[in-house]
Amino acid sequence: MLVVGGLYSICSFAAGIAGNLFAFVLFVSPIPTFRRIIRSKSTEQFSGLPYIYALLNCLICLWYGTPIVSPGIILVFTVNSIGAVFQLVYITIFIIHAEGSKKLTMLGLVLGVFAVFAAIVVISVYLFEPVSRQTFVGYLSVISLICMFASPLFIINLVIKTKSVEYMPFYLSLATFLMSLSFFGYGMFKNDPFISVPNGIGGVLGVIQLVLYFRYSNSGEEPRAPLLDSYA
């Protein structure tokens, strides 16, 4: 039994580490966009909203992974901590180079994100007991992750309409699939549906993206940077 338990723990840890590594690929994917913003000293037509959404998602999932909410799933905490740092860096660069009205809007949205996160922390700590606290924050994290699926769904719809993978780089689709698959496995090992269910959905979307890529990749067009960046 000890051997089986040890093997189970190793597999769980390996799945979580793999999920962290594949998520890192997604976190660094917007770097070329922000290099362009820095070089041109302008946000041009780029939107900062995906990074606002991603920051809120990372903060909620980070909180879910903390020991005070969900003991034993520290790798959920680590991946979303790293993700939150990346989103803050991207948002800071965006705000620095944005024009006046867009700058103020982004600042207001960032403050709103931290206000919402602070409210979630206070409510979950002071109004809920440990078991119900995990359920409360777990449902919020699932809702947040499902909302983030708007990005891959948008890209999938675009690929089907245009019959082109121009805005769906293969490595991002593969990383999304592998990250979702890894965290689905991690959630299954931890017997945590708040991790396994949304990442299972993400895995299905990843498969659809890969199938569409191979279906339409012979169009002769080079994939561009994605229109929206997704972080699960």
Which of the residues that make up region 63-90 are in contact (Cβ under 8 Å) with a residue 24 or more places away in the chain, of a type in the set (S, T, N, Q) and within 22 Å of Met106 (Cβ to Cβ)?
-> Gln87
Out of all the residues in region 35-46, is one or more assigned to a loop (DSSP other than H, G, I, E, B), among the β-branched types (Val, Ile, Thr) and in contact with a helix residue (DSSP H, G or I) (Cβ under 7 Å, 6 or more places away or on another chain)?
-> yes
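So, of the residues in region 190-200 that are open to solvent by 70 Å² or more (accessible area, probe 1.4 Å) and part of a helix (DSSP H, G or I), which turns out to be nearest to Phe27 (Cα to Cα)? Show your work before the answer.
Taking region 190-200 as the starting set, the residues that turn out to be open to solvent by 70 Å² or more (accessible area, probe 1.4 Å) are 190-191, 193, 197.
If we keep only those that are part of a helix (DSSP H, G or I) too, we end up with 193, 197.
Details: Pro193: 24, Val197: 22 Å.
Here the answer is Val197.
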Restricting the search to region 89-138, which residues are buried (at least 18 other Cβ atoms within 10 Å of the Cβ), farther than 30 Å from Lys41 by Cα and of a type in the set (Ser, Thr, Tyr)?
-> Ser124
Which residues, taken from region 11-45, are in contact (Cβ under 8 Å) with a residue 40 or more places away in the chain, open to solvent by 60 Å² or more (accessible area, probe 1.4 Å) and within 12 Å of Ile93 (Cα to Cα)?
-> Ile38, Lys41
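The values are calculated or read from the model by the stated rules, or taken from the named source; none is laboratory data. The shown structure was predicted, so the numbers you read here are calculated from the model rather than taken from an experiment. So basically every Cβ, Gly included, is an ideal-geometry build from the backbone, and we count neighbours across all protein chains shown. The accessibility values were calculated without ligands, DNA or RNA, using every heavy atom of the protein model including side chains. Shrake-Rupley method; radii C 1.70, N 1.55, O 1.52, S 1.80 Å.
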